[in-house]
Amino acid sequence: MKKIIALLVLSVLAFSVPASADWLKFTGSPHFLPAPLMVVGAYTPEGQANFGVFHRGGVLSSGKDGGPMRIGFGIKGNAEKSFTYQIIKTSGVCTVNLPSIKYLAETDLLGSFSGKAPGGEFQDKLKVTGLTAVRGSEVNAPMIEEFPVSLECELEEDIAIAPDSKSRLMILKVRKVWADEAYLDANGKINPMAKEGGDSSLAFFSHSHGKNGGYFGYGDFLGKSGKVSERFLETK
Ligand SMILES: Cc1cc2nc3c(=O)[nH]c(=O)nc-3n(C[C@H](O)[C@H](O)[C@H](O)COP(=O)(O)O)c2cc1C
């Protein structure tokens, strides 16, 4: 019965609202979803700093409920082959660094080749980009000095994305957050857009531009959450 009702509703929609039929045509991946650009840093057992770029992920819990703030990122394909995965599994810690749009080229480079060459030797990505690594104060992992925001993290869990998948979701406990003053407001909160004198905006990622996706800066501030709906209700 439910099926028949659903079919009836769908056919009514199909005839009365052509636009909905258009969006139902989309069968691509959810990669177009706007995502943070997370540059994950870790030391090899020999103390070499490596950074990989990740956009699958974000905030998992805010820490407002008394527990720690948690963030996560996903490692695609066979994660065992990922250099970032291998070194975080050994060290148990990492950093998540957020680039500003000023450092897009460097970020793109960090995500375009591995810190581990096919022969197994270390490839120094930082040397190519000219960026500076600084050791965290809470965890033994490298941060990128030039990036406006860095989070020092501890690996809490490493779980398969699905039972039959080799891709992994890395769940991280945030131990410390660093931010460039230009990105802090009067209440000490981090804003995605810098104040005057800063280097403009944090960068994020979406697969909306062509095959490999592309980078974006933040746009206009449109209103505070909770307040935008208040204004909407006042006009009703
Ligand atoms: C913009 C961008 C986003 C990326 N997002 C992911 C991701 O979410 N998950 C993933 O496994 N790889 C992602 N990659 C690919 C890795 O960054 C890339 O494989 C990198 O070489 C890993 O470095 P490593 O081998 O030194 O760990 C992304 C690359 C770029 C440029």
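Derivation of every value follows stated rules applied to the coordinates shown; laboratory data play no part. Every value quoted in this text rests on a predicted model; they were computed, and no experiment measured them. Cβ: placed from backbone, ideal geometry, glycine included. Neighbour counts: every protein chain shown.
Brief remarks on what is shown
- For the stretch 85-99, 3J(HN,Hα) per residue [Karplus equation, 6.51 cos²θ - 1.76 cosθ + 1.60, θ = phi - 60°, Hz, x = Gly/Pro]: 4, 4, 7, 6, 4, 7, 7, x, 9, 6, 10, 10, 10, 9, x
- Only lysines eight or more places from K224 in sequence, or on another chain, were considered; those with a Cα closer than 16 Å are K189.
- Each peptide among 185-196, 36-47, 53-64, 86-97 gets the average number of other Cβ atoms lying within 10 Å of its residues, and from highest to lowest they stand as 86-97, 36-47, 53-64, 185-196.
- 20 Å Cα-Cα reach of K25 towards lysines, excluding residues that sit fewer than 8 places from it in its own chain: K211
- Value at 222 nm in deg cm²/dmol, rounded to 500, when DSSP H runs of n ≥ 4 in the chain each add -39,500 (n - 2.57): -6000 deg cm²/dmol
- Size descriptors for the chain (Cα atoms only): Rg and Dmax, in that order, 21.0, 66 Å.
- Diffusion coefficient, µm² s⁻¹, Stokes-Einstein with Kirkwood Rh over alpha-carbon pairs of the stretch 64-193 at 37 °C and 0.692 mPa s: 204
- Degrees between helix 2-16 axis and first principal axis of the chain (Cα, 0 to 90, nearest 10): 80
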